[in-house]
Amino acid sequence: MEILSLGEKIKRRRKDLDMTLKELAGDRITPGQISLVESGKSNPSMDLLEYLAESMDTSVEYLMESEESQAEKVCTYFENIAEAHILNEDFVQGEEYIEKSLYYAEKYNLEYRHAKDLYLRGLICMYKNENTAAQQYFLSSNVIFIRNNYFEEVVNTFLNLGKIACEMKSFYSACSYFQQAESVYLTNNVVNDFLIGEVHYYLSFVFYKLGNMERSIKYSYLAKEKFQQLENKKEYGKTLLLLAEEYKLNGDLDSAIKYSKITLKIFEEINEQTYMAIIENNLGKLFYEFNNLDESFVHYNKAKELRLTNNDDRITDTLIDICRNYIKLKDLPKAEEVLKEILDKAQEGGTMALKEYYLLKYRIELLKNDEKAAEGTLLMALNYVENMGSEKDKAEISIMLGKFYMDRNMEKEAAVYLNSGVDSFKKIGIIK
Amino acid sequence: MEILSTGEKIKRARINKGYTLKELCRDKISVSKMSCIENGKAEAKEWILDYVAQILGLPLDYLKEDVEAQILNSTAEIEESTELDKKMDVLESNLGYAEEHELYNLAFKLGHMLFNTYITANETQKIQKLIPKYYEIWNKSSVKGSEAIYLMDIAGFFYETGEYEQAESYYKNLRKASKKCKDNKNLARAAFSEAACCVRQKKYDAAYELVIRYEKYIEQMTDGSRKAEACQLLAMLSIRRGDAKFSCYEEKTYALFEDNSDSIAEAMFDFAAAMFDASMEEKAATYIEKAMDIFNGNSIEARAEFMLKCVEALVEYGVIGTAKEKCNEATELSIASGNLKLIEKGYYLKSVMLEDKKDYKSAMHYIGLSLDAIIKFGTNLEIYRRYLQYGVMYHRMDNITQALKYFNLAISMEKNI
């Protein structure tokens with residue numbers, strides 16, 4: 001992709017058409033004048049431009065388009081490709097295209113494009129879990145976004161900064177990032193329902209982590225409402241699609257196109273299903289913590305549905321959470337039912353989910369007063385995490401076993417597992 | 001203090017005197033014009049103010065002083081105040097007035113002051129509430145250099161909440177930006193703050209690289225105590241690197257702090273911590289003792305906090321003898337301060353001392369007291385750490401039941417961090 005000056009465009013077009021200077025000049029002007037225009041030494045009048053465009057079968061708009069505006073388009077193109085690669089988790093390719101875009105952004109001093117490139121780099125680092133580098137890129141890009149009032153980008157960048165801070169367990173920082181995101185969103189009339197839903201969900205999450213239950217609950221309800229609206233939007237989108245088709249049948253193409261565009265936009269907005277599943281699942285967790293199990297079930301079930309349709313591996317996590325809810329309700333038959341599902345999925349996945357399976361099973365067996373089985377399950381769990389080489393899990397399960405024996409006055413066994421747990425804690429440096 | 005616009009002042013005085021608009025205006029001014037002035041919809045010309053002042057018996061200066069000047073005056077009155085509660089009240093209401101009158105540059109300055117007052121007063125919740133508003137005001141204002149001020153404040157807040165990694169990111173970004181626009185003052189401040197964040201994360205090499213690279217900018221700092229803090233950082237890092245320059249920087253630090261003995265004590269504590277890490281236990285212990293001697297603190301609370309910090313360091317590095325001597329004093333101070341957080345720490349340290357004396361019964365008593373307290377105010381992380389510490393202690397005491405209990409509590413608490 002090339003960026004051409006006015007003269008270069010004229011020259012290239014002329015060569016493509018195999019015309020000589022003389023032919024192009026005709027009897028209108030001298031070939032020398034055209035040569036001056038082609039080499040950028042003279043600026044053509046509007047009249048002359050119109051003549052040239054007509055003679056070479058092109059448009060004045062094409063000839064007139066400034067280099068900056070061409071560069072802007074080139075950058076946008078590269079950035080779109082880069083973003084597509086990033087979403088596809090092909091970071092090397094993504095970085096290559098960002099590099100290309102940055103070249104033009106710097107050459108033509110395109111501040112917004114520059115910021116966007118930094119933002120995309122931040123995204124790559126974020127997906128690669130290089131948190132500190134990601135924050136650097138986001139912070140640098142945000143300074144530019146803020147200065148130039150690109151509000152939606154500012155919200156997005158603050159949101160990402162906050163997510164990373166959460167990842168790093170810096171909840172005060174995260175909270176201030178999300179609050180800034182909310183403030184920009186609300187004061188500048190940004191319209192993006194999914195985005196604000198996300199911001200509210202994360203605010204609810206950090207306030208929970210910071211022990212501010214009142215605000216956490218407030219935001220969880222705000223998020224819930226937003227996502228409900230989005231859910232309804234799907235239905236709305238479907239009706240619009242129908243409408244578009246009807247217009248097409250009636251031959252009213254303009255209206256058909258108009259409605260199809262709106263429909264597309266709505267579907268794009270709701271298309272982030274995997275992401276939606278994560279948030280639904282986490283909302284379920286929050287409501288579990290607020291002791292509102294009915295609401296919690298609603299969200300878990302939505303997450304479950306989304307994950308089943310998308311063949312999402314994280315379905316086991318959702319099932320584990322659902323099982324916890326049933327245990328809390330002491331509804332053991334239901335809990336055991338879910339437990340079976342978990343076992344099926346865990347064996348498919350072969351992840352640490354099996355550990356969670358054993359621990360849930362242990363809790364159910366304890367509730368059923370089947371001590372023999374409970375002891376066996378816990379020992380199996382210990383055996384499993386030892387095989388998986390996870391020292392921290394080993395420490396935790398040893399301590400649980402110690403407690404199990406101590407509660408049954410088996411002091412000798414309790415001491416053995418306590419010591420082994422303490423050893424494991426020391427090995428991983430949790431205690432000195 | 002109440003802040004009134006010129007119109008509001010006229011209206012209030014007129015009603016106080018029992019005049020109607022017509023009585024005030026007579027045949028000089030139209031009633032509708034005066035009504036507009038009172039409601040702030042029209043500006044009063046000089047001669048009208050003259051006239052009104054005369055009729056209502058008000059000083060002309062009082063009438064002319066506009067909202068901005070009033071806010072500035074009332075702010076100047078409390079600017080240096082050490083009564084934090086009062087300062088916060090005044091700043092909060094002044095900020096409200098400035099916003100109401102759309103004086104965004106002034107509002108930004110007030111926001112900046114309020115933000116830092118909250119930090120000094122440890123008002124984390126209030127800062128959280130202020131941040132979105134402060135951000136909005138910053139965007140609406142056009143104060144020169146406001147970007148650096150705003151970002152510096154946010155970074156400072158991250159630092160105060162102990163989220164050093166986040167603060168570091170912010171300072172790094174500020175440092176780069178200041179370098180670009182050749183703002184040496186902010187460059188030095190950002191660089192040294194960044195280094196301080198590195199130190200808190202124990203990234204000493206990175207910190208050292210920074211301070212060495214920016215050492216030459218120290219002279220350009222205008223604030224004396226910032227200069228001193230920069231030297232303190234250099235001195236402390238010299239110890240960690242076994243560098244001979246320590247005593248030179250040390251002297252400079254003390255000299256720059258002048259007669260601020262509390263800051264010197266803090267610096268000595270800082271050096272001692274570095275000495276402990278460099279296996280210079282004996283020297284470290286003498287520094288800590290000296291620091292405890294010279295630290296005054298402007299309140300019992302500050303003194304208790306410092307003493308506890310010192311005792312905790314001594315315990316951690318096994319200088320139990322000196323720790324024992326000072327522990328009782330520290331605990332008593334903490335109780336006198338009435339600050340639950342400090343009291344809890346006192347109980348914890350006391351339990352460690354008693355365990356060392358093998359007086360397990362009393363140790364358990366203090367563990368109980370400490371846990372009762374920390375459950376009330378501690379964050380999940382703080383509670384988790386105590387559970388682990390007590391698990392280890394009971395394990396050492398061979399008390400299996402209790403050890404298992406606290407380890408189990410720690411494990412379930414960890415999931416909520």
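Please verify whether A:A165 is in contact with a Lys or Arg (Cβ under 9 Å, 6 or more places away or on another chain), assigned to a helix (DSSP H, G or I), within 11 Å of chain B (Cβ to nearest Cβ) and not polar (S, T, N, Q), treating the condition exactly as stated.
On the way: in contact with a Lys or Arg (Cβ under 9 Å, 6 or more places away or on another chain): no; assigned to a helix (DSSP H, G or I): yes; within 11 Å of chain B (Cβ to nearest Cβ): yes; not polar (S, T, N, Q): yes.
No.
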Hey, which of the helices (runs of 4 or more DSSP H) in region A:327-432, taking only ones fully inside, have at least 3 residues that are more than 29 Å from A:D294 (Cβ to Cβ) and of a type in the set (A, V, I, L, M)? A:371-388, A:391-407, A:411-427
From B:T117, B:T161, residue being crowded, with 18+ Cβ neighbours inside 10 Å, out of contact with any Ser or Thr (no Cβ under 9 Å at 6 or more places or on another chain) and either touching a residue at least 24 places away in the same chain (Cβ under 8 Å) or within 30 Å of A:S216 (Cα to Cα) (or both): B:T117
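Only one of A:L360, A:L366 is outside the structural domain of A:L401 (by TED's automatic domain parsing), in contact with a helix residue (DSSP H, G or I) (Cβ under 9 Å, 6 or more places away or on another chain) and in contact (Cβ under 8 Å) with a residue 12 or more places away in the chain. Can you tell me which?
Sole residue among the options that is outside the structural domain of A:L401 (by TED's automatic domain parsing), in contact with a helix residue (DSSP H, G or I) (Cβ under 9 Å, 6 or more places away or on another chain) and in contact (Cβ under 8 Å) with a residue 12 or more places away in the chain: A:L360.
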Lone qualifier among B:Y118, B:Y134 - being within 13 Å of chain A (Cβ to nearest Cβ), part of a helix (DSSP H, G or I) and closer than 27 Å to B:S5 by Cα: B:Y134
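Among the residues of region B:336-392 satisfying the criterion of being outside any helix (DSSP H, G or I) and over 26 Å from the mean Cα position of the chain (by Cα), which is farthest from the other protein chains (Cβ to nearest Cβ)?
Taking region B:336-392 first, the residues outside any helix (DSSP H, G or I) are B:338-339, B:357-359, B:378-379.
Checking the rest, the ones that are also over 26 Å from the mean Cα position of the chain (by Cα) come to B:357-359.
Numbers: B:K357: 20, B:K358: 20, B:D359: 22 Å.
So the residue we want is B:D359.
When you go through A:I146, A:I124 one by one, which is the residue that is hydrophobic (A, V, I, L, M, F, W, C), out of contact with any strand residue (DSSP E or B) (no Cβ under 9 Å at 6 or more places or on another chain) and free of Cβ contacts under 8 Å to residues at least 12 places away in the same chain?
Among A:I146, A:I124, only A:I146 is hydrophobic (A, V, I, L, M, F, W, C), out of contact with any strand residue (DSSP E or B) (no Cβ under 9 Å at 6 or more places or on another chain) and free of Cβ contacts under 8 Å to residues at least 12 places away in the same chain.
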Could you please find all residues in region A:23-41 being surrounded by 15 or more Cβ atoms within 10 Å (Cβ to Cβ), among the small types (G, A, S) and more than 13 Å from A:R12 (Cα to Cα)? A:A25
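Taking region A:186-215, which residues are more than 10 Å from chain B (Cβ to nearest Cβ) and either crowded, with 21+ Cβ neighbours inside 10 Å or modelled with pLDDT of 90 or more (or both)? Before the answer, list the steps.
Let us first name the residues in region A:186-215 that are more than 10 Å from chain B (Cβ to nearest Cβ), namely A:189-205, A:213-214.
A:I196, A:G197, A:E198, A:V199, A:H200, A:Y201, A:Y202, A:L203, A:S204, A:F205 - these are the residues of region A:186-215 that are more than 10 Å from chain B (Cβ to nearest Cβ) and either crowded, with 21+ Cβ neighbours inside 10 Å or modelled with pLDDT of 90 or more (or both).
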Test: residue in region A:143-156 that is surrounded by fewer than 24 Cβ atoms within 10 Å (Cβ to Cβ), within 13 Å of chain B (Cβ to nearest Cβ) and either in contact with a Gly (Cβ under 6 Å, 6 or more places away or on another chain) or under 30 Å from B:N380 (Cα atoms) (or both): no
Within region B:259-274, is there a residue that is touching a residue at least 24 places away in the same chain (Cβ under 8 Å), loosely packed, with under 14 Cβ neighbours inside 10 Å, out of contact with any Asp or Glu (no Cβ under 8 Å at 6 or more places or on another chain) and over 20 Å from B:M307 (Cβ atoms)? no
Are there any pairs, at least 6 apart or on different chains, whose C-beta atoms fall under 7 Å, with the first in region A:79-92 and closer than 16 Å to A:D117 by Cβ and the second exposed (fewer than 13 other Cβ atoms within 10 Å of the Cβ), and if so, which? A:F91/A:K128
Yes or no: B:F407 within 14 Å of another protein chain (Cβ to nearest Cβ), hydrophobic (A, V, I, L, M, F, W, C), closer than 30 Å to A:L286 by Cα and surrounded by 20 or more Cβ atoms within 10 Å (Cβ to Cβ)? yes
Return the residues of region A:98-141 that are over 18 Å from the mean Cα position of the chain (by Cα) and at positive phi; say none if nothing qualifies. A:N109
Scan region A:171-180 for residues that are within 7 Å of another protein chain (Cβ to nearest Cβ) and either surrounded by 24 or more Cβ atoms within 10 Å (Cβ to Cβ) or not hydroxyl-bearing (S, T, Y) (or both) and report the count. 5
Scan region B:51-71 and tell me whether some residue there is within 30 Å of B:Y150 (Cα to Cα), under 25 Å from the mean Cα position of the chain (by Cα) and either touching a residue at least 60 places away in the same chain (Cβ under 8 Å) or surrounded by fewer than 18 Cβ atoms within 10 Å (Cβ to Cβ) (or both). yes
A:N160 vs. criteria of a type outside the set (A, V, I, L, M, F, W, C), surrounded by fewer than 24 Cβ atoms within 10 Å (Cβ to Cβ) and more than 12 Å from chain B (Cβ to nearest Cβ): yes
Residues that are away from chain B (no Cβ under 13 Å), of a type in the set (D, E) and under 22 Å from A:K328 (Cα atoms), drawn from region A:364-407: A:E365, A:D370, A:E371, A:E375
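Restricting to region A:115-142, what's the tally of residues that are outside any helix (DSSP H, G or I) and away from chain B (no Cβ under 13 Å)? Working first, answer last.
Pass one, region A:115-142, residues outside any helix (DSSP H, G or I): A:128-130.
With away from chain B (no Cβ under 13 Å) added as a condition, the list becomes A:128-129.
So the count comes out to 2.
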Could you identify the single residue in A:M388, A:M406 that is surrounded by 13 or more Cβ atoms within 10 Å (Cβ to Cβ), under 17 Å from B:D398 (Cα atoms) and among the hydrophobic types (A, V, I, L, M, F, W, C)? A:M406
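Could you tell me whether A:E365 is surrounded by 18 or more Cβ atoms within 10 Å (Cβ to Cβ), of a type in the set (D, E, K, R) and either within 21 Å of A:D317 (Cβ to Cβ) or under 38 Å from the mean Cα position of the chain (by Cα) (or both)?
Values: surrounded by 18 or more Cβ atoms within 10 Å (Cβ to Cβ): yes; of a type in the set (D, E, K, R): yes; either within 21 Å of A:D317 (Cβ to Cβ) or under 38 Å from the mean Cα position of the chain (by Cα) (or both): no.
Spelling it out, it is not the case that A:E365 is surrounded by 18 or more Cβ atoms within 10 Å (Cβ to Cβ), of a type in the set (D, E, K, R) and either within 21 Å of A:D317 (Cβ to Cβ) or under 38 Å from the mean Cα position of the chain (by Cα) (or both).
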Of all residues in region B:249-276, which are modelled with pLDDT under 90 and within 14 Å of B:S238 (Cβ to Cβ)? none
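Inspect all residues belonging to region B:184-194 and state whether any of them is without any contact (Cβ under 8 Å) to a residue 24 or more places away in the chain and at negative phi. Don't jump to the end; show me each part of the working.
Taking region B:184-194 as the starting set, the residues that turn out to be without any contact (Cβ under 8 Å) to a residue 24 or more places away in the chain are none.
No, region B:184-194 has no match at all.
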With the structure loaded, tell me whether B:Q128 is within 14 Å of another protein chain (Cβ to nearest Cβ) and assigned to a helix (DSSP H, G or I) or whether it fails that test. yes
Hey, does region B:312-327 have a residue that's within 30 Å of A:K412 (Cα to Cα) and away from chain A (no Cβ under 14 Å)? no
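The values are calculated or read from the model by the stated rules, or taken from the named source; none is laboratory data. This one's a predicted model, so the numbers in the text were calculated from it and none came from an experiment. Positions of Cβ are backbone-derived with ideal geometry, glycine not excepted, and every protein chain shown enters the neighbour counts.
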